[in-house]
1. Rounded if a/c is under 1.5, else prolate if a/b is larger than b/c, else oblate: which is the stretch 35-124, with a ≥ b ≥ c the root eigenvalues of its Cα gyration tensor?
2. Which shape class applies to the chain: rounded if a/c is under 1.5, otherwise prolate when a/b exceeds b/c and oblate if not, where a ≥ b ≥ c are the square roots of the Cα gyration tensor eigenvalues?
3. Could you give each residue of the stretch 87-102 its phi-based ³J(HN,Hα) in whole Hz, using Karplus coefficients 6.51, -1.76, 1.60 with θ = phi - 60°, and x for Gly or Pro?
4. For the stretch 106-111, just list the computed ³J(HN,Hα) in residue order, Karplus coefficients 6.51, -1.76 and 1.60, θ = phi - 60°, integers in Hz, with x standing in for Gly and Pro.
5. Long-range amide H contacts for residue 46: which residues qualify at under 5 Å (H placed 1.01 Å from N, peptide plane, sequence gap of 5 or more or a different chain)?
6. Modelling each spin label as a point 7 Å along the Cα-to-Cβ direction, I'd like the residue 13/residue 113 distance in nm, to one decimal.
7. Calculate how large, on average over all directions, the projected area of the Cα convex hull of the stretch 1-72 is; give the answer in nm² to one decimal.
8. Can you give the helix-only mean residue ellipticity at 222 nm for the chain, where every DSSP H stretch with n ≥ 4 adds -39500 (n - 2.57) and the sum goes over all residues, rounded to the nearest 500 deg cm²/dmol?
Amino acid sequence: MSTRKIVVLGNETLRKKSKPVTDFDESLWQLLDDMKTTMLEKKGMGISAVQVGVLRRAIVIDLGEDEFLEIINPEIIKTKGRVTDSEGCLSVPGFYCDVPRPRVVKIFAFDRHGKPFEFEGEEYIARCICHEIDHLNGVLFVDYTDEGKEYKRTHGEK
């Protein structure tokens, strides 16, 4: 497992839509392992493949207590409630703002071996899942608020 370079705001890769994973092989496993290592080293809570420059629909989320959720080709199938809380991002270092997100999110996805599963997360985990799925679609948390839009305008994006 190795640490990969984080792609930051201003890099056009962050605004591209990621492609579905089709091969659940050693290359994917290495990517997921590297994403986990990178996320932990940078003290993140979640990371998407696009944040390490790979346009594939893959996410790793730290669930705490040495437990991690690997999400491949996720689809949100249900949301419930709404809560606004502070967010930050490894790709937007040093900036935080309040962002509204679903309180509960249920997804359908695949694990690293291609096995389908459903997962429901609440509060913090729901926020992380939505934040990372946004990355897969070229969307950043700074797109949701006036404060974020001003930040990205003054830090490398038009």
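Each reported figure results from applying straightforward, stated rules to the coordinates on display, with no laboratory input. Worth saying up front: this structure is predicted, and the values here are computed from it rather than measured. Positions of Cβ are generated from backbone atoms using ideal geometry, with glycine treated the same way; all protein chains shown enter the neighbour counts.
1. Note, shape of the stretch 35-124 comes out oblate.
2. Cα axes put the chain in the oblate bin.
3. Running phi through 6.51 cos²θ - 1.76 cosθ + 1.60 with θ = phi - 60° gives 10, x, 7, 4, 8, 10, x, x, 10, 9, 7, 6, 10, x, 9, x Hz.
4. Those phi angles translate into 10, 10, 10, 7, 10, 8 Hz.
5. 62
6. Roughly 3.0 nm, to one decimal.
7. 4.7
8. Helices in the chain give a 222 nm mean residue ellipticity of -8000 deg cm²/dmol.
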